[in-house]
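Written out below as structure tokens is the structure these notes cover.
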Amino acid sequence: MSDTKVYLLDGGTLVIDGFHAFWNRGPGGELRFPCYAVLIEHKDGRYMFDTGYDFDHCGGNKHLHEACTICHAKELEVSGNCQPFEHLGYSDLTFAPEIAKKKGVQLPPDPALDMYTPKFQTLTGDQEIAKGLWLFETPGHTAGHYSLMVEFAKRRPILFTADACYSKKNMDMMCISSFHLDPTASLNSMKRLKELAAKHDAELFYSHDPESFKTYQTGAAYYE
Ligand code: ZN
């Protein structure tokens with residue numbers, strides 16, 4: 001834990017409607033927000049939390065040929081059998097070509113995919129996957145959503161909300177996004193993140209927050 005370093009890799013931006021970011025609240029209209037991946041250098045190895053596009057958090061998995069994908073058991077199960085309204089969220093199945101095949105989805109030709117045979121390790125419940133790296137269950141956005149807390153030697157822990165809470169404004173308003181499987185679970189997960197941050201004196205880092213993102217260190221700069 002003592003020499004853990006965290007890098008935020010700027011993944012560009014996405015545009016959605018304001019009503020999608022703030023469910024039933026808005027205001028509507030184009031909302032451009034940032035996306036980023038988290039690279040963790042830990043004494044046990046390198047971890048990626050989120051690998052970026054295509055949509056919008058696992059598109060880079062296919063480039064990590066040697067990696068093991070750690071995810072919630074429910075997430076892997078649902079990705080092959082999602083609700084019709086979740087289609088967009090699970091439209092990029094390049095992280096699991098076998099699931100695409102079972103669903104009859106044709107993946108685009110891609111040399112990266114030719115070399116990619118994913119290995120999965122599924123988890124349930126809260127888990128410390130390496131010393132000071134905590135996955136906390138925050139379902140609702142999806143069935144098996146995890147948020148990640150990283151502990152450091154020199155600073156407060158960072159709790160990456162991931163899509164359990166897009167932005168500080170969502171948290172302040174207690175307003176979930178419109179992309180969700182279960183709105184009540186989503187709201188409970190936001191409350192849980194707030195409680196976890198208080199309990200561990202952790203700083204919340206939001207997944208898609210145009211304002212907060214300006215204050216984050218990205219690129220070669222890191223948190224330690
Ligand atoms: Zn997202």
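Every number here is computed from the coordinates shown, using simple stated rules; none is lab data. Note that this is a predicted model, so its numbers are computed, not measured. Cβ atoms come from the backbone with ideal geometry, glycine included; neighbour counts cover every protein chain shown.
Identify all residues within region 44-73 that are within 16 Å of the ligand (Cβ to nearest atom), farther than 19 Å from VAL150 by Cα and not in a loop (DSSP other than H, G, I, E, B); write none if there are none. Matches in region 44-73: ASN61 only. On the given criteria, is ALA37 farther than 23 Å from LEU93 by Cα, within 13 Å of the ligand (Cβ to nearest atom) and in contact (Cβ under 8 Å) with a residue 24 or more places away in the chain? No, not satisfied.
Exactly one residue out of PRO109, PRO97, PRO27 is touching a Leu at 6+ places or on another chain (Cβ under 7 Å) and farther than 23 Å from MET149 by Cβ, and it is PRO97.
When region 131-161 is filtered for residues that are hydrophobic (A, V, I, L, M, F, W, C), assigned to a strand (DSSP E or B) and closer than 21 Å to LYS74 by Cα, the ones remaining, listed by number, are LEU133, TRP134, LEU135, PHE136, LEU148, MET149, PHE160. Checking HIS42, HIS65 one by one, the residue that is out of contact with any Asp or Glu (no Cβ under 6 Å at 6 or more places or on another chain) and more than 27 Å from ALA221 (Cβ to Cβ) is HIS65 and no other. Within region 6-23, none of the residues are part of a loop (DSSP other than H, G, I, E, B) and surrounded by fewer than 14 Cβ atoms within 10 Å (Cβ to Cβ). In region 1-12, is there at least one residue being within 16 Å of the ligand (Cβ to nearest atom), within 20 Å of the chain's Cα centre (by Cα) and among the hydroxyl-bearing types (Ser, Thr, Tyr)? So far as region 1-12 goes, no, none of its residues is within 16 Å of the ligand (Cβ to nearest atom), within 20 Å of the chain's Cα centre (by Cα) and among the hydroxyl-bearing types (Ser, Thr, Tyr).
Can you pull out every residue in region 161-180 that is out of contact with any Ser or Thr (no Cβ under 6 Å at 6 or more places or on another chain) and in contact (Cβ under 8 Å) with a residue 24 or more places away in the chain? Once the filter is applied, which keeps residues that are out of contact with any Ser or Thr (no Cβ under 6 Å at 6 or more places or on another chain) and in contact (Cβ under 8 Å) with a residue 24 or more places away in the chain, region 161-180 yields CYS165, SER167, LYS169, ASN170, MET171, MET173, CYS175, SER177, SER178, PHE179. In region 196-209, the residues that are in contact (Cβ under 8 Å) with a residue 12 or more places away in the chain reach residues that are within 11 Å of the ligand (Cβ to nearest atom) and assigned to a helix (DSSP H, G or I) with C-beta atoms within less than 8 angstrom, at least six apart or across chains, in these pairs: SER207/ALA162; SER207/ASP163; HIS208/ALA21; HIS208/ASP163.
Do we find that LEU148 is of a type in the set (A, V, I, L, M, F, W, C), closer than 30 Å to LYS43 by Cβ, in contact (Cβ under 8 Å) with a residue 24 or more places away in the chain and away from the ligand (no atom under 15 Å from the Cβ) in this structure? No, not satisfied.
With respect to being among the hydroxyl-bearing types (Ser, Thr, Tyr), within 15 Å of the ligand (Cβ to nearest atom) and in a loop (DSSP other than H, G, I, E, B), SER212 falls outside the description. The selection criterion, being touching a Ser or Thr at 6+ places or on another chain (Cβ under 6 Å), more than 21 Å from PHE152 (Cβ to Cβ), surrounded by 14 or more Cβ atoms within 10 Å (Cβ to Cβ) and not aliphatic (A, V, I, L, M), holds for GLY60.
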